[in-house]
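Let me begin by presenting the structure, written as structure tokens, before commenting on it.
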Amino acid sequence: MSFILPKLLTEDALRATGIHFGVKDYVTKDMQPFVVKITPDGNPIFDLPKILDRLVVAGKFISKCEQPVVYATDKRFANALKAFQRVTNIKTILHRFVPGTLTNPNLKTYVDSDLLLVSDPANGLPKGDVLRAVYTGDRRAIEEATALSIPIVAICNSNATLSDIDFAIPANNVGPKGIATVFYLLSRAVLFAKGTLKLGEDIQIPLSAFETEQKEEVEEE
């Protein structure tokens with residue numbers, strides 16, 4: 001398995017987090033290459049080594065940027081973003097996307113960025129809700145970043161489409177343990193790429209600190 005895994009996170013423990021589970025009965029054409037099988041009850045399963053490899057590549061990409069920004073609409077990402085920012089010192093944003101955040105320097109919410117990482121380009125929406133997926137949440141941020149030619153990295157579940165996404169990380173971005181694990185491993189990948197974390201070392205924040213409890217999983221209105 002990948003070097004970004006700490007010693008205590010065995011392959012069995014990693015699988016137990018559900019990081020490799022997709023959205024039941026829903027795999028877009030764009031995400032099919034990342035799916036190795038579909039269980040009898042309709043759950044897509046991502047290729048776990050491919051998830052880890054893409055986290056490593058994303059970590060290298062992010063580490064080379066001067067002003068990367070991580071964005072999420074949904075409160076289920078709250079603790080993951082807080083912990084990720086503490087570990088990496090990379091700016092994170094968690095709220096309803098304000099139009100002009102990436103394009104209008106006169107706004108209080110304005111952020112100057114050279115890379116955007118979005119947590120859910122499909123916004124966790126049900127199958128068929130195309131219109132809302134395009135005009136709300138992470139998609140608004142994606143549209144503004146695209147207009148400025150800002151590279152976009154996205155954590156993508158099996159319901160995602162990859163239009164305007166420069167690099168996809170296939171992973172479970174719905175379950176609290178899956179969300180926590182992907183941001184925990186991405187923080188390790190960034191620090192490894194920067195040379196501030198060595199083999200055999202771990203970050204100072206435990207995996208559990210990245211997890212938001214179920215009762216907090218409420219979408220921003």
What residue among V27, V98, V190 shows peak mean-square fluctuation when the chain is described by a Gaussian network model with Cα springs under 10 Å?
V98
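Expected output is a single nm value to one decimal: the length gained when fully extending between V111 and Q204, i.e. 0.36 nm times separation in residues minus the C-alpha distance. What is it? Kindly include the intermediate steps, with their values, before the conclusion.
Values: separation 93, 0.36 × 93 = 33.48 nm, distance 2.77 nm.
That pair, V111 and Q204, stretches by 30.7 nm at full extension.
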Between L55, L107, L162, which gets the highest mean-square fluctuation from a Gaussian network model of the chain, Cα cutoff 10 Å?
L107
Given [x] 48, 42, 32; [y] 79, 43, 39; [z] 53, 35, 30 as candidate values of Cα extents along the principal axes in Å, which corresponds to the one derived from the coordinates?
[x]
Over 31 Å between Cα atoms: which of K7/K37; K37/K194; K29/K60 fall into that group?
K37/K194
Computed FRET value (nearest 0.05) for K7 with V36, which takes r as the C-beta separation and R₀ as 30 Å
0.70
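Quick one: of the DSSP bridges fully inside the chain, what percent are antiparallel, nearest 5?
Working: 5 of 20 bridges.
Here the share of antiparallel DSSP bridges comes out near 25 percent.
We did not get these values from a lab; they are worked out from the coordinates using the rules stated. Bear in mind the structure is a predicted one, so any value in this text is a computation, not a measurement. As a convention, Cβ positions derive from the backbone with ideal geometry for all residues, glycine included, and neighbour counts pool all protein chains shown.
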